[in-house]
1. Once both labels are modelled 7 Å past Cα along the beta-carbon direction, what's the B:Leu262-A:Arg127 spacing in nm?
2. Using the 10 angstrom Cβ neighbour count as an exposure proxy, how do B:Thr469, B:Thr287 rank, fewest first?
3. Set the bar at 19 Å for Cα to Cα. Now go through B:Lys102/B:Lys507; B:Lys432/B:Lys468; B:Lys309/B:Lys483; B:Lys483/B:Lys507 and name every pair that lies beyond it.
4. What is the distance in Å between the Cα centres of the range A:88-130 and the range B:88-156?
5. How long, wide and thick is chain B, going by the Cα atoms along their three principal axes, in whole angstroms, largest first?
6. On average over all directions, what projected area in square nanometres does the range B:18-151 have, based on the convex hull of its Cα atoms?
7. Suppose a student asked you for the relative contact order of the range B:12-155, using Cα pairs under 8 Å spaced at least 6 residues apart; what percent would you report?
8. Output the peptides B:269-279, A:4-14 sorted from most to least packed, where packing is the average of other Cβ atoms within 10 Å over each peptide's residues.
Amino acid sequence: MGKIEWAMWANEQALASGLILLTGGIVGVAGQFRGWQFAAYAVAAGVFVCLLEYPRSKRSKGTSVERTGQYCFTVCVKSFGPLTRNYYVRAFLHAAICVPGGFMLATVLGCVCLGIASIIYFVAAIRGEHWEPILPRKESRMPVAESIKNPPQNPPPRPPAETRRKRVDDLEDAAYDNPISVTDN
Amino acid sequence: MVVSVRSWVANEGGKHLVLMLWLAANTWLFLKTFLLYSTGQQYHYLYKMLGPGLCISRASASVLNLNCSLVLLPMCRSLLTFVRGSHTVSSRKTRRLLDKSKTFHVACGVAICIFSVVHVSAHLVNVINFSVSYSDDFPALNLARYRGEVRHTHIPGVTGVLLVLILFLMFTSSSYCVRVSNYEIFWYTHNLFIVFYIILMVHMVGGALKYQTNIEAHPPGCLRANQSGAEQLGEELEQGEDEERRCREEAHFQPHYPQTWLWVSGPLCLYCAERFYRYIRSCDPVTIVTVIRHPCDVIELRMLKKNFKARPGQYIVLNCPGVSSFENHPFTLTTCPTENKETFGIHLRVVGDWTERFTQLLLPKPRIDLEILPMVQQRRYPNDGWKGFRLQRLYFVWVCRELQSFYWFAELLCAVHHKLWQENRPDYFNLKLFISQTDNLQEKYRPLTSRLLVGRPRWKLLLDEIAKTNNNKRVGVFCCGPKGISRTLHRLCNSARSSGTTFEFNKESFS
């Protein structure tokens, strides 16, 4: 349990909570529920949380898997500097965002889920994790023609010149004799 | 790359057929329940109150019932292994389908999530409609206690919120990156399924939706005591006709009994029995006979266990209470027990904290003042256990980063090669070894060094060569490696080939 990266799980949870908030808000607004203003807020909050959480952080150890098309989001989120880098800020931000969702039935699920994500981010922050952008590395040039081996340095083994010369008078003896015995190598 | 119909059908046909059947079952269930609630006589008044929200919520609930029961079945691994190995399921197609059980589990899981969203949204609309269309004619039908009350503190509401929370935790921790980086989070949250199922079975207690029980005595839409047909039609009607359409008694409503347990209890009991069986089997102790250290942090472990049978290609799950009581790690068997030799073996590479601690327990650090006695190593030609395989030729392609890695299996590969050379079957076993970096090559393992190729293999050329030499045959491709190789091979196996060879793609992954 020592090397768990809590932030990765919190990120998945926060993204899912954003979607749940968004869906609940849409249902609330479309059904014209009582208190639909909270639902409208939930739509905006859901979109904001999704945009903030879409770019995955770089793992401290191991390979990081990007989400599709996250580069532009990474650039935007990176530009806020320490506000988005620090997970304490994120934990408190999510806790604050989720509170208005609790006042309406349609958005209460999103509120609870985002609250859980905020707690996990808090745990991640205590463990000292922070958000690192995944930036594309310059790919080192692949060596040209990887599979072509070095050309041979020596000519192939051949018997001495006398044996090679064509002997028309003695055809039997002129047959080529393999100097090396055939092995299973 | 052009996809060949025959190759695609051989590789993907079975899976897609099962997928179509499953989708058809879900669609049929959804439509049947939807129509029942929208046109059924017993739901007439309820439908008038709630509208299509009623039908959507109930239809999605029945689809959820089906998927919650199906999702457990692919996880009964011991049962599936037994079915797969039995002679009743001897077709290779069925065996390859059973290999895809985890994909089916994921499909059912995704369906559960999607339909939960639909179900919750529809019920939110229902709650509002219960409040807005509070019925004074049929007070028993209402959920709200008075007009305008949005009631959510009843059993289905509270259990529903808990269910969604558990599902949220399970779903967010089962994404690929969380599984790969922190498997424990995935494993421990996924074991919350038992809480999920218990709450699911009481979800419908105190049902909010009621159906009418006395349809013959009170046909829906009949005239009530304080109404008359003349008021509605504005015309004088015959007395008799009026009487016919009058209700003989008041409408009686009754909530549904919880039905989820009918769907879910069978698979749940089966899965619990499966876990219990696994636990019982794991209680037998395992003796470690040999521990061999190979280059590049690889340990070979030979073990003995009573009544242990295994076939090539299977894997075992190791649990070492000295390292961690709850962690179970899968390893493919590299040596299977045979009639003559009962030991079985695995090769494990020290990558994470569990393997590191395990290796430390097995091989304590050498101290300078202690004399290290060599472990007894048994080397034998793999003569036994070679019966009953229809294999005609084997191509072994192994890609490693450095030369030292090949030494893990050097002895075994050379032994196999020598055995086949003695039996005059030199073309049975074709070795192709690839390394990314060259190094000093040891002369001891000549059969390996003369077959080394530098650089990554060009899979298309390799498969083309194999296809040309094996016309009109079925070639099984077994890939154990990173996703990149697996995807490329899968695509190549599906592509068109002029030589009539079909490549059947199989892969092994534990994440």
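1. 4.6 nm
2. B:Thr287, B:Thr469
3. Values: B:Lys102/B:Lys507 12 Å; B:Lys432/B:Lys468 17 Å; B:Lys309/B:Lys483 31 Å; B:Lys483/B:Lys507 10 Å.
Those over the limit are B:Lys309/B:Lys483.
4. 26 Å
5. 111, 62, 40
6. Here the figure is 10.0 nm², rounded to one decimal.
7. 25 percent
8. On the way: B:269-279: 13.5, A:4-14: 24.2.
Put in order of decreasing packing, that is A:4-14, B:269-279.
Taken together, the values in this text are just the output of simple stated rules run on the coordinates, not laboratory data. On a predicted model such as this, the values are computed, not experimentally measured, just so you know. Please note: Cβ atoms are built from the backbone with ideal geometry, for glycine as well, and neighbour counts cover all protein chains shown.
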